[in-house]
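Note sheet for the following structure.
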Amino acid sequence: MRRFEGKTIVVTGSGREKGLGQAILQRFADEGANCVVSDLGRPAEHMGAGDIGTTDEMEAVAAELRARGAQVAVIPCDVRSEESCEALAAGAIQAFGSLDIWVNNAGIGYIMKPLLDTSASEWEAVIGVNLTGAFYGTKAAARAMIAAGKGGRVINIASQAAKSGFPHMAPYTASKHGMVGLTRSNAIELGQHGITVNAVCPNHVTTGLGARQNEYFSKLLGFDTVAAYLENMKRKNPMGRPGLGSDTAAACAWLASDDAIYVTGEALNVSGGEEMH
Ligand SMILES: NC(=O)c1ccc[n+]([C@@H]2O[C@H](COP(=O)([O-])OP(=O)(O)OC[C@H]3O[C@@H](n4cnc5c(N)ncnc54)[C@H](O)[C@@H]3O)[C@@H](O)[C@H]2O)c1
């Protein structure tokens with residue numbers, strides 16, 4: 001199927017190989033969309049050097065998408081800045097003439113600490129990217145989509161941590177629960193413009209971020225190895241495996257398709273049945 005021929009998708013935080021953002025763009029590239037790869041592209045004080053999508057990595061993600069036949073633009077954006085999000089939306093329109101689908105995917109989940117050891121600046125770093133970044137991103141996308149008058153789709157990559165609490169991840173869990181509130185509120189306001197707003201809530205996927213969580217939680221929960229921790233995760237999942245980037249990408253593709261025109265304000269679990277509410 002090439003359901004997104006002639007449409008343009010922007011995915012924030014999509015400049016890391018093996019990341020969910022890359023998987024989402026791969027799916028949309030295969031379905032004919034013009035793709036905007038976007039990420040920080042430079043070191044940031046809130047992240048380790050190995051944890052960000054660098055300019056080289058963004059270009060590598062873009063090259064792979066081009067090899068699939070997609071038209072691709074690379075536009076850096078720091079989602080903590082409203083101006084940067086506005087520039088991303090404008091850059092997408094400049095490159096391809098339209099902005100149809102915007103995915104708030106940029107996120108950090110590296111700060112894993114007991115509540116009492118979590119500092120105010122760590123709290124703010126996570127909320128600033130995961131939640132405030134989605135707020136700025138949605139504003140920029142909605143402004144452009146309303147001006148074009150053709151409707152559009154906003155998709156927020158939340159998490160299983162948007163539905164359940166997780167230990168040692170208070171800022172992350174709060175940010176992802178907050179994304180669901182943002183989704184619902186924006187869905188009500190933007191429906192009149194033909195814009196749907198939905199969240200996708202994946203369970204664990206072993207991306208760069210996911211690998212760091214595996215290391216931390218396997219130790220916290222007393223597993224001898226990461227492999228043993230992942231084996232336990234598999235056993236507990238009704239579908240017998242952790243998530244894949246392609247699972248999240250498929251949910252995004254459906255939400256962005258014409259079939260989902262009457263679906264808005266939802267927070268869709270993509271968790272193999274691990275999360276059911
Ligand atoms: N991997 C999982 O298990 C999992 C599960 C549920 C939800 N998620 C969510 O999926 C999204 C993608 O995560 P991932 O697992 O692919 O990890 P990832 O680290 O590969 O991707 C996150 C991206 O966000 C970018 N980023 C960080 N700060 C930014 C900023 N200020 N501006 C722009 N980009 C910024 C990073 O550079 C990185 O490329 C995140 O929102 C994450 O919370 C991940």
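The values are calculated or read from the model by the stated rules, or taken from the named source; none is laboratory data. In this text the structure is predicted, and so the values were computed from the model without any measurement. Reconstructed Cβ throughout: ideal geometry from the backbone, glycine too, with neighbour counts over all protein chains shown. Accessible surface is based on the protein model in full, side chains and every heavy atom, while ligands, DNA and RNA are left aside. Shrake-Rupley method; radii C 1.70, N 1.55, O 1.52, S 1.80 Å.
For the condition in the same structural domain as residue 137 (by TED's automatic domain parsing), surrounded by 14 or more Cβ atoms within 10 Å (Cβ to Cβ) and touching a Ser or Thr at 6+ places or on another chain (Cβ under 6 Å), what is the one hit in 196, 183?
None of the others qualify; the one that does is 196.
How many residues does region 75-99 contain that are open to solvent by less than 40 Å² (accessible area, probe 1.4 Å) and within 16 Å of the ligand (Cβ to nearest atom)?
Number satisfying all stated conditions: 11.
Being within 12 Å of the ligand (Cβ to nearest atom) and within 16 Å of residue 255 (Cα to Cα) is true for just one of 158, 134, 162. Which residue is that?
Unique residue meeting the criteria: 158.
Identify, please: which residue in region 100-131 is aromatic (Phe, Trp, Tyr) and over 17 Å from residue 200 (Cα atoms) and is, among those, farthest from the ligand (Cβ to nearest atom)?
Restricting to residues being aromatic (Phe, Trp, Tyr) and over 17 Å from residue 200 (Cα atoms), the top hit is 123.
Consider residue 248 carefully, then state whether it is buried (at least 16 other Cβ atoms within 10 Å of the Cβ) and within 24 Å of residue 29 (Cβ to Cβ).
Against the criterion (buried (at least 16 other Cβ atoms within 10 Å of the Cβ) and within 24 Å of residue 29 (Cβ to Cβ)), residue 248 qualifies.
Inside region 33-59, can you point out the residues that are surrounded by fewer than 17 Cβ atoms within 10 Å (Cβ to Cβ) and of a type in the set (Gly, Ala, Ser)?
Within region 33-59, 44, 48, 49, 50 meet the criteria.
Tell me, which helices (runs of 4 or more DSSP H) lie completely within region 175-277 with 3 or more residues that are within 19 Å of the chain's Cα centre (by Cα)?
Of the helices (runs of 4 or more DSSP H) lying wholly inside region 175-277, those with at least 3 residues that are within 19 Å of the chain's Cα centre (by Cα) span 208-220, 245-256.
Would you say residue 103 is buried (at least 21 other Cβ atoms within 10 Å of the Cβ), in a helix (DSSP H, G or I) and within 18 Å of the chain's Cα centre (by Cα)?
So residue 103 does not fit the description; no.
Being away from the ligand (no atom under 14 Å from the Cβ), outside any helix (DSSP H, G or I) and more than 19 Å from the chain's Cα centre (by Cα) is the filter here; which residues of region 32-66 pass it?
Passing the criteria: only 32.
Go through region 139-163 and give me each residue that's surrounded by 24 or more Cβ atoms within 10 Å (Cβ to Cβ), over 23 Å from residue 205 (Cβ atoms) and either of a type outside the set (Gly, Ala, Ser) or not assigned by TED's automatic domain parsing to the domain that holds residue 183 (or both).
If the condition is that a residue be surrounded by 24 or more Cβ atoms within 10 Å (Cβ to Cβ), over 23 Å from residue 205 (Cβ atoms) and either of a type outside the set (Gly, Ala, Ser) or not assigned by TED's automatic domain parsing to the domain that holds residue 183 (or both), then 145 is the only one that fits.
Within region 223-243, count every residue that is away from the ligand (no atom under 13 Å from the Cβ), open to solvent by less than 60 Å² (accessible area, probe 1.4 Å) and of a type in the set (Gly, Ala, Ser).
Of the residues in that region, 2 qualify.
Looking at region 165-174, which of the residues that are open to solvent by 10 Å² or more (accessible area, probe 1.4 Å) and not in a loop (DSSP other than H, G, I, E, B) is farthest from the ligand (Cβ to nearest atom)?
Here the answer is 170.
Cβ-Cβ under 6 Å, sequence separation 6+ or interchain: first residue in region 1-28 and more than 13 Å from the ligand (Cβ to nearest atom), partner open to solvent by 20 Å² or more (accessible area, probe 1.4 Å) and of a type in the set (S, T, N, Q). Which pairs?
Cβ pairs passing all conditions: 8/34.
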